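**Q** Quick one: this structure, given as structure tokens, is what I'll be asking you about.
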Amino acid sequence: MDKRILQKYPPNAENLLFALHDIQDAEKENYLSEEDLKNIADYFNLPLSKVMGVATFYSMYSLKPRGKFIIRICESAPCHVAGALNVINEFINVLGLEKVGETTKDKLFTVETSACLGVCGVAPACMINDVVYGNLTKDKIKQIVDDLRAKGGSNV
Ligand code: FES
């Protein structure tokens, strides 16, 4: 872990969420390792249990390695009605996964679900890292995955 990331923040508890976010973002596998959590707890002078509690409470943090692209599929009511379940199944199918929460063997993709992404007008929707994709169809999902695979430098 690059401790310079922590030093951007005064060690006050109100900066904890930002620091967790930045450290996770900087990790190659998009997660917070045990070592990260210990370093963060030391820096903020907080018990490790408190930092663990925060990291496990918010779904945006992960304590296990994830892919380069995190696909968050909205499951809230408008997306659900517009076919979110089909979207979930299609991503899982295209990526060769068995269920939500898994990461592809090439470590490129992790599929997760999410509450409303604030783009209900284009339901069903998902967010991949910081980019929102709406009006998802089977063809569009395949195209998105193909484009990201090409971007990820993978030859899968
Ligand atoms: S319900 Fe899916 S974006 Fe709002």
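Computed from the coordinates by the stated procedures, all read-outs in this text should not be read as laboratory data. Please read these numbers as outputs of a predicted model, since none were measured by experiment. Reconstructed Cβ throughout: ideal geometry from the backbone, glycine too, with neighbour counts over all protein chains shown.
**Q** If each residue's Cβ is checked for other Cβ atoms within 10 Å, how do Glu29, Glu112 rank with the fewest at the top?
**A** Glu29, Glu112
**Q** Once the piece of chain linking Asp147 and Arg4 is laid out straight, how much longer is it, given 0.36 nm per residue of separation minus the C-alpha distance between them?
**A** Taking Asp147 through Arg4 to full extension adds about 48.1 nm, to one decimal.
**Q** When the Kirkwood hydrodynamic radius is evaluated over all pairs of different C-alpha atoms of segment 3-57, what value in angstrom, to one decimal, is obtained?
**A** Here the Kirkwood hydrodynamic radius works out to 10.9 Å.
**Q** Angle check, please: helix 84-95 long axis (alpha carbons) against the longest principal axis of the chain (alpha carbons), in degrees 0 to 90, nearest 10.
**A** 80
**Q** In whole Å, what three semi-axes, largest first, describe the equivalent ellipsoid of the chain built from its Cα gyration tensor (square root of 5 times each eigenvalue)?
**A** Output for the chain: semi-axes of 31, 18, 13 Å.
**Q** Shifting gears a bit: Report the dimensions of segment 10-93 along its three principal axes from the alpha-carbon atoms, largest first, rounded to Å.
**A** Result, largest extent first: 46, 25, 20 Å.
**Q** Okay, moving on. Semi-axes of segment 69-151's equivalent ellipsoid from the Cα gyration tensor, sqrt of 5 times each eigenvalue, largest first, rounded to whole Å? Present the calculation step by step, with values, prior to reporting the outcome.
**A** Values: eigenvalues 73, 32, 26 Å².
Semi-axes from the Cα gyration tensor: 19, 13, 12 Å.
**Q** Anything over 23 Å Cα to Cα? Flag those among Lys8/Lys28; Lys28/Lys64; Lys68/Lys99; Lys8/Lys107, in the order listed.
**A** Values: Lys8/Lys28 20 Å; Lys28/Lys64 12 Å; Lys68/Lys99 18 Å; Lys8/Lys107 29 Å.
Among Lys8/Lys28; Lys28/Lys64; Lys68/Lys99; Lys8/Lys107, the Cα-Cα distance tops 23 Å for Lys8/Lys107.
**Q** While we're on this one: For segment 107-156, what ratio Rg/Rh do Cα atoms give with a Kirkwood hydrodynamic radius?
**A** Working: Rg = 11.6 Å, Rh = 11.9 Å.
Value, to two decimals: 0.98.
**Q** Arranged from highest to lowest average of other beta-carbon atoms within 10 Å per residue, in what order do the peptides 98-105, 31-38 appear?
**A** Result, highest mean Cβ count within 10 Å first: 31-38, 98-105.
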